[in-house]
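The values are calculated or read from the model by the stated rules, or taken from the named source; none is laboratory data. Because the structure is a prediction, the values reported are computed rather than measured. All Cβ positions, glycine included, derive from the backbone under ideal geometry; neighbour counts span all protein chains shown. The accessibility values were calculated without ligands, DNA or RNA, using every heavy atom of the protein model including side chains. Shrake-Rupley method; radii C 1.70, N 1.55, O 1.52, S 1.80 Å.
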Amino acid sequence: MDTRIDIKSLTLPELTEEIIGMGEKGFRAGQMYQWMHQKLARGFAEMTNLSQAFRRQCEEHFSYTALNVVQVQESKLDGTRKYLFALEDGNVVESVWMKYRHGNSVCISSQVGCRMGCRFCASTLDGLERNLLPSEMLDQIYSIQRLTGERVSNVVVMGTGEPLDNYDNLLTFLEILTGENGLNISQRNVTVSTCGLVPKMRELAERQLQITLALSLHATTDEKRRKLMPIANRYSIEELMEACRYYFEKTGRRITFEYSLVGGVNDTDRDAEELIALAKPLCCHVNLIPVNPIKERDFVQSEALRIQAFRNKLEKSKINVTIRREMGRDIDGACGQLRRKHTESLQTQEEN
Ligand code: SAH
């Protein structure tokens with residue numbers, strides 16, 4: 001087992017302490033941090049202002065994560081690119097690059113697989129493999145910025161995995177990503193999406209970060225939510241709403257509700273009215289997502305007219321609502337579909 005320290009997961013003060021412990025001058029840490037988190041170096045070899053001897057010493061002391069591209073798919077519809085990356089241990093994760101008028105957004109994974117079990121989601125079908133390290137979350141953004149040559153301005157933690165189930169690593173990731181010695185992405189341009197782990201939502205609130213917290217609600221009654229999301233057996237909608245209120249109170253940031261519309265399941269006028277009743281007191285933004293059907297389940301998208309009617313109802317009640325543009329529908333756009341296809345094809349090769 002590799003017992004070396006994962007250098008890209010260290011904050012600047014932590015790295016400084018390590019470097020001093022190795023008998024080097026503290027300012028070297030600042031130089032190395034800049035190589036890693038601003039110049040996006042892929043290894044010590046690129047750090048040309050450090051001596052050969054010190055770089056060799058670092059190789060022994062630290063591990064240095066880097067991703068390798070396995071596959072890139074580009075949408076012909078909107079230029080969205082989906083990357084499948086291999087981690088050091090051979091696991092693969094997917095990340096998405098989206099170009100908007102207001103800048104470039106990257107959607108990253110926070111875990112290899114997921115253990116939350118949401119019924120409509122492809123990422124969770126094989127359970128959780130492992131958590132991603134802070135460095136491996138950063139690497140997804142760094143690799144994409146290097147590959148596209150374009151600056152990333154927004155980050156959404158909405159790929160595979162439940163970020164609040166990998167809480168400590170998520171916090172370190174956020175600290176490095178939004179710190180002035182790193183890419184310095186504004187906290188306001190970062191969104192973290194959760195299926196609703198109430199105690200962690202509260203802990204996060206106490207940090208008083210300026211990031212946006214998105215809650216995957218998807219249903220307005222506990223009974224209905226339990227049919228879609230096993231986590232609803234653990235936390236009630238009432239507890240969730242209290243946690244949302246607390247988050248708003250502590251941070252002043254409005255919550256986003258994500259609501260995936262599933263035909264005949266959660267898309268009636270009644271559902272819309274109940275959603276309004278939940279969103280209104282919290283001044284929530286509501287993001288409607290037409291469900292992206294996966295082949296393992298028989299959920300279907302709501303009819304286009306139904307989606308419009310649902311949206312109109314919310315708008316009439318002055319709810320701030322958007323329908324998520326379906327970016328990259330032609331390239332296995334739904335969470336976890338690309339990774340799953342890849343793993344499945346490896347399995348078939350092994351069987352043959
Ligand atoms: N674990 C986090 C992030 C996961 S994915 C969470 O649950 O929020 C980001 C969003 O996509 C979530 O709202 C998730 O419920 C939704 N989602 C996953 N699979 C989907 C699908 N097939 N169609 C529509 N939305 C989906």
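Structure above, values below:
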read-out	value
Student exercise, the chain dipole from Lys, Arg, Asp, Glu Cβ charges, in Debye to nearest 20	1180
Length released on extending from Asp222 to Leu40, taking residue separation times 0.36 nm less the Cα-Cα span	61.0 nm
Cα-based reach from Lys39 at 14 Å (exclusive), listing aspartates and glutamates while leaving out same-chain residues under 8 positions away	Asp139, Glu150, Glu180
Modelled label reach - Tyr100, point 7 Å along Cα→Cβ, the stretch 120-164 residues with backbone N closer than 11 Å	153-156
Set Lys82/Lys295; Lys25/Lys200; Lys200/Lys295; Lys76/Lys227 screened for pairs whose C-alpha atoms are more than 27 Å apart	Lys25/Lys200; Lys200/Lys295; Lys76/Lys227
Rg(Cα)/(2.2 N^0.38 Å) for the chain, N = residue count	1.04
Local electrostatic count at Gly103 - Lys and Arg +1, Asp and Glu -1, tallied over other residues with Cβ under 14 Å	+3
FRET efficiency estimate (nearest 0.05) - Cβ-Cβ, Asp2 to Glu175, R0 35 angstrom	0.90
Positive-pole candidate from Ala304, Gln337, Phe173, dipole of the chain, charges at beta carbon	Ala304
Cα-centre dipole for the stretch 136-193 with unit charges at Cβ (Lys and Arg positive, Asp and Glu negative), debye to 20	300
Theoretical gain in end-to-end length, Ser51 to Ser236 [0.36 nm per residue, Cα-Cα removed]	60.9 nm
In range of the label at Arg207: residues from the stretch 142-172 whose backbone nitrogen is under 17 Å from the point 7 Å along Cα→Cβ	155-159, 161-172
Sulfur and carbon atoms: percent of accessible area, the chain [1.4 Å]	46
Given charges at Cβ of Lys, Arg, Asp, Glu: the chain dipole, positive-most of Gly196, Gln140, His285	His285
Among Gly161, Gly23, Gly149: highest mean-square fluctuation, GNM of the chain, C-alpha pairs under 10 Å	Gly23
Cα convex hull volume per residue for the stretch 30-171 (Å³)	134
Two-site FRET efficiency, Glu14 against Leu305, from Cβ-Cβ distance with R₀ of 45 Å, rounded to 0.05	0.25
Length gained when the stretch Arg324-Glu249 is fully extended (0.36 nm per residue, less Cα-Cα span)	24.3 nm
Distant-in-sequence amide H partners of Gly336 (H built 1.01 Å from N, under 5 Å)	Thr160
Mean Cα-pair separation over length for the chain, i.e. relative contact order, pairs under 8 Å, 6 or more apart, %	15
Inter-centroid distance (Cα atoms) of the stretch 23-41 relative to the stretch 114-190, Å	22
Choice from Val156, Val321, Val93 with maximal GNM fluctuation in the chain (Cα, 10 Å cutoff)	Val321
Size of charge dipole - the stretch 5-63 - debye, nearest 20, with Cβ of Lys, Arg +1 and Asp, Glu -1, no other charges	260
